[in-house]
């Protein structure tokens with residue numbers, strides 16, 4: 001059996017932001033709330049979805065970019081198992097011409113992505129290898145996902161943010177229950193993958 005590096009058992013939800021700091025804050029919001037909120041941005045029919053990429057993380061060291069080095073995404077994200085997302089209702093999108101949207105059953109219209117490589121300029125987002133799940137919010141927990149960051153500095157920043165927030169919470173609990181609050185301290189619970197280290 002041949003090992004194919006272009007196939008992945010995982011999917012990545014990349015965060016967005018005006019800059020790296022904004023993308024990091026969005027990532028922190030997702031992991032601290034354990035929720036990825038759906039969006040209808042750029043989705044025909046305004047279906048709320050959470051979007052993922054099937055691109056293997058070993059092949060996206062520069063982040064998720066097309067052949068012209070264009071990307072709408074940051075190198076921060078959430079990694080989930082493809083089987084886990086499928087069990088929740090996630091599916092690969094359907095890349096097709098705009099006029100075929102109406103041919104889809106209503107229950108599948110949320111999966112449509114316009115594809116027309118012969119237009120000038122072409123419409124081609126197949127490089128995103130997109131999966132979606134139609135939902136207002138997707139609940140996640142540390143057992144079902146890992147975190148993607150660009151480098152070890154970002155990973156250290158993430159762990160430091162977690163520890164600082166935990167220190168604050170413990171101090172608040174100490175005002176109510178005393179030093180026993182230290183029993184609530186826990187290690188950083190998520191696995192982290194670095195794209196560039």
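General remarks:
- Note on the chain: with a GNM built from Cα contacts shorter than 10 Å, the maximum mean-square fluctuation among 134, 100, 172 falls on 172.
- 0 to 90° range, to nearest 10: angle between helix 20-33 axis and the chain longest Cα axis: 70 degrees
- Label point distance in nm, residue 180-residue 42, each placed 7 Å from Cα along Cα→Cβ: 5.2 nm
- Angle in degrees between helix 152-177 and the longest Cα principal axis of the chain, rounded to the nearest 10: 50 degrees
- Adding -39500 (n - 2.57) for every DSSP H run of four residues or longer, then dividing by how many residues the chain holds, sets the calculated 222 nm ellipticity at -8000 deg cm²/dmol.
- Förster radius 22 Å - calculated FRET efficiency between residue 19 and residue 164, Cβ distance, rounded to 0.05: 0.55
- Cβ-derived FRET efficiency at R0 41 Å, residue 105 paired with residue 156, nearest 0.05: 0.30
- Relative contact order for segment 10-147, counting Cα pairs under 8 Å that sit 6 or more residues apart, in percent: 36 percent
- Counting all C-alpha pairs of the chain, share separated by more than 24 Å (%): 47 percent
- In the elastic network of the chain, a GNM with C-alpha springs shorter than 10 Å, the most mobile of 54, 171, 98 is 171.
- Candidates 16, 25, 120: whichever shows maximal mean-square fluctuation once the chain is modelled as a Gaussian network with Cα springs under 10 Å: 120
- The modelled label-to-label distance between residue 136 and residue 35, using points 7 Å beyond Cα along the C-beta direction, is 0.9 nm.
- Cβ-derived FRET efficiency at R0 35 Å, residue 88 paired with residue 123, nearest 0.05: 0.75
- Backbone N under 11 Å from the residue 192 label point (7 Å along Cα→Cβ), restricted to segment 18-43: none
Rule-based calculations on the coordinates, nothing more; no lab input. All figures in this text were calculated on a predicted structure; none of them were measured in a lab. Virtual Cβ from ideal backbone geometry, glycine too; neighbours counted across all protein chains shown.
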